[in-house]
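Step one of this worksheet: look at the structure below.
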Amino acid sequence: MIKFLKNLLALAVVAAVVWAGRMFYIKNQATENLPAIAEGEIFDFDVLSSMAQKLASQPYAAPSSTLPDSVKKLDYDQHRDIRFVRNNGPWFGQRLPFELQFFHLGSLFNVSVPINEVINGRSHPIKYSPQFFDYGRNKLDASQLENIGYAGFRLHSPLNTARYFDELVSFLGASYFRALGKGNKYGLSARGLAIDTAVQTGEEFPVFKEFWLEKPTRKSQSVIVYALLDSPSVAGAYSFAITPGAETVMEVQAKLFPRKEINKLGIAPLTSMFLFGENTKNRFDDHRPEVHDSDGLLVHNNNGEWLWRPLDNSKYLRISAFEDNNPKGFGLMQRDTDPEHYQDFEAMYEQRPSAWVEPISDWGKGWVELVEIPSVQEIHDNIVAYWVPKKKAVAGKEYYFQYRLTWGSRISLGKNKPVAVTATRTGIGGVSGMLETEKRKFAIDFAPSAAVTKAFNNNEIRIDASASEGKIVGSHLMLNPLTKGLTAYVDFKPNDKTSELRIVLKKGGENVSEVWSYQWLP
């Protein structure tokens with residue numbers, strides 16, 4: 001069942017400050033670079049969980065700044081001029097399947113985080129070294145940089161070829177991270193946790209305040225990253241077992257210890273950008289046909305339905321919720337991988353990865369929430385999706401979430417999945433050249449399927465279309481000679497109310513396609 005949360009004009013202020021709030025948090029919070037445990041101590045996820053529980057039992061301590069002014073005052077271009085020296089990296093030249101590189105502090109990134117290696121089950125801090133960096137044209141005094149720490153790190157691995165170490169994953173800023181599958185370029189991001197996203201009181205941005213990385217062996221196929229999360233509301237222990245490939249897979253564990261009741265907890269949050277696409281092209285005067293890192297939200301609910309919600313960028317903040325009990329999966333997807341549909345040979349949006357969240361532990365009742373924030377520039381992440389547990393998290397309790405997070409262009413979602421929605425187009429309705437401005441026509445393309453096409457030719461496929469407000473006044477299904485799949489044409493007559501539209505292809509009483517789910521705003 002879809003639970004629609006009405007658009008709140010009062011939340012327009014939230015939409016305007018979400019991005020700015022994220023940048024303020026990253027830029028203005030810095031922490032002392034002090035490891036949580038001493039060098040050589042035993043470390044594993046249980047130790048990290050005990051650290052997080054102890055941290056949550058103490059009052060929250062806001063980070064304090066210890067960075068020299070020469071680093072704090074680096075502007076964007078000066079910061080970009082600092083490069084990591086690969087040949088001096090801590091794992092370089094050891095014939096390991098992964099290499100570790102660091103991001104330097106400065107500009108927007110003034111959060112200093114300790115980074116440690118775990119070798120034979122024991123923790124060893126990786127101290128800041130000027131040998132790791134080429135400062136370019138910057139005049140930085142190395143004697144003032146001792147123990148300042150790092151802004152974050154990235155891991156490299158032979159992802160696309162056997163000889164070149166491509167960037168695989170990066171952790172940088174608050175609890176943000178992102179990864180690549182084979183052939184991908186960076187697009188959407190994930191976060192450790194979201195708190196009070198699109199709430200009038202303001203969003204809280206937890207940070208990963210310290211990292212531990214298990215040093216791989218020469219035969220390792222995966223690398224494990226641990227992170228200690230902290231914020232005014234919660235402390236947490238995280239582990240990420242990362243396996244690169246055509247689809248890069250992260251096995252994630254999160255154990256949370258709230259300091260207080262949390263109004264809205266966002267589990268496995270994904271953050272992306274959608275400026276315009278086939279269904280919103282008329283809002284932008286742009287030479288490119290489409291601009292987006294993701295084009296839809298996919299939800300696999302516990303009833304076995306696959307729901308596809310095309311992303312939108314309207315004038316108002318939109319919040320939608322898809323209720324469920326123990327969801328099977330959700331993700332922000334970049335389905336359109338045709339470069340001709342973007343015509344941007346620098347950004348290459350067709351190479352941006354999708355990200356799919358698959359719960360492993362029992363997540364209980366709640367909903368997948370989608371937040372779509374109005375935006376006029378592609379530099380802003382304006383799309384957020386996450387799981388919200390129905391029961392609020394309260395102080396003194398422990399919460400455990402385990403999930404698989406997969407990154408890639410063509411993520412495998414199972415053999416029995418129904419045919420996918422591949423495109424959504426809309427315009428003024430009408431037939432035989434007679435336009436009817438009070439109607440909207442939707443054209444929904446479905447992926448080709450030999451079995452579905454055969455059933456269509458036998459008159460066994462029908463369109464099941466409904467609207468929570470307004471009326472469906474016509475529908476027609478035909479074989480698309482360009483895509484080789486089916487295209488559904490549906491005419492909708494809206495009223496003055498927000499409407500939830502659903503369109504699905506059925507054979508008999510069974511769905512043979514994803515459920516196309518669309519929110520119409522008057």
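Candidates in region 30-43 are the residues that are out of contact with any helix residue (DSSP H, G or I) (no Cβ under 9 Å at 6 or more places or on another chain) and surrounded by fewer than 18 Cβ atoms within 10 Å (Cβ to Cβ); of these, the one that is modelled with the highest pLDDT is I42. Out of L155, L168, one residue alone is more than 18 Å from the chain's Cα centre (by Cα) and surrounded by 21 or more Cβ atoms within 10 Å (Cβ to Cβ). It is L155. Can you confirm whether region 111-119 contains a residue that is hydrophobic (A, V, I, L, M, F, W, C), at pLDDT 95 or above, assigned by TED's automatic domain parsing to the domain that holds S272 and buried (at least 22 other Cβ atoms within 10 Å of the Cβ)? Yes: one or more hits.
Residue by residue, here is whether (1) crowded, with 22+ Cβ neighbours inside 10 Å; (2) closer than 18 Å to E514 by Cβ; (3) of a type in the set (F, W, Y) holds:
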position	(1), (2), (3)
S314	no, no, no
K328	no, yes, no
G331	yes, yes, no
Q334	yes, yes, no
A347	no, no, no
L370	yes, yes, no
I373	yes, no, no
H380	no, no, no
I383	yes, no, no
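Of all residues in region 178-192, at least one satisfies being basic (K, R), more than 28 Å from Y400 (Cα to Cα), touching a residue at least 60 places away in the same chain (Cβ under 8 Å) and assigned by TED's automatic domain parsing to the domain that holds A385. Show the residue pairs meeting these rules: Cβ distance below 7 Å; 6+ apart or different chains; first residue within region 500-522 and within 25 Å of S314 (Cβ to Cβ) and at pLDDT below 95; second residue part of a strand (DSSP E or B) and among the small types (G, A, S). Sorted first by the residue in region 500-522, then by its partner, the pairs are Q519/S320; W520/S499.
Within 22 Å of N301 (Cα to Cα), among the hydrophobic types (A, V, I, L, M, F, W, C), in contact with a strand residue (DSSP E or B) (Cβ under 8 Å, 6 or more places away or on another chain) and not assigned by TED's automatic domain parsing to the domain that holds G277: does that describe F446? In short, yes.
For region 328-343, the set of residues classified as of a type in the set (S, T, N, Q) and touching a Lys or Arg at 6+ places or on another chain (Cβ under 7 Å) consists of Q334, Q343, listed by residue number. When region 464-522 is filtered for residues that are polar (S, T, N, Q) and in a strand (DSSP E or B), the ones remaining, listed by number, are S466, S475, T487, S499, N511, S513, S517, Q519.
Candidates are the residues of region 190-208 that are surrounded by fewer than 22 Cβ atoms within 10 Å (Cβ to Cβ) and not hydrophobic (A, V, I, L, M, F, W, C); the one that is nearest to I262 (Cα to Cα) is D196. None of E350, E346 is assigned to a loop (DSSP other than H, G, I, E, B) and without any contact (Cβ under 8 Å) to a residue 40 or more places away in the chain except E346.
Which ranges mark the strands (runs of 3 or more DSSP E) fully within region 353-392 that have 1 or more residues being farther than 24 Å from N263 by Cα?
Working: elements: 354-359, 365-372, 383-389.
Where strands (runs of 3 or more DSSP E) fall fully within region 353-392 and carry at least 1 residues being farther than 24 Å from N263 by Cα, they are 354-359.
When D285, D324, D362 are checked against the criterion of being loosely packed, with under 14 Cβ neighbours inside 10 Å and within 30 Å of P522 (Cβ to Cβ), D285 stands alone in meeting it.
Listed by first and then second residue, the pairs linking a residue in region 286-309 that is among the polar types (S, T, N, Q) to a residue that is modelled with pLDDT under 95, with Cβ atoms under 9 Å apart and 6 or more places separating them unless they lie on different chains, are N301/M1; N303/M1.
Residues in region 155-194 that are touching a Lys or Arg at 6+ places or on another chain (Cβ under 6 Å) and acidic (D, E): E167 alone. Listed by position, the strands (runs of 3 or more DSSP E) enclosed by region 96-187 that each have at least 1 residues that are within 26 Å of E41 (Cα to Cα) are 99-103, 115-119, 122-125, 152-157, 166-172.
The values are calculated or read from the model by the stated rules, or taken from the named source; none is laboratory data. Just so we're clear, the structure is a prediction, and the values are computed from it rather than from any experiment. Using ideal geometry, Cβ is built from the backbone for each residue, glycine included, and neighbour counts are taken over all protein chains shown.
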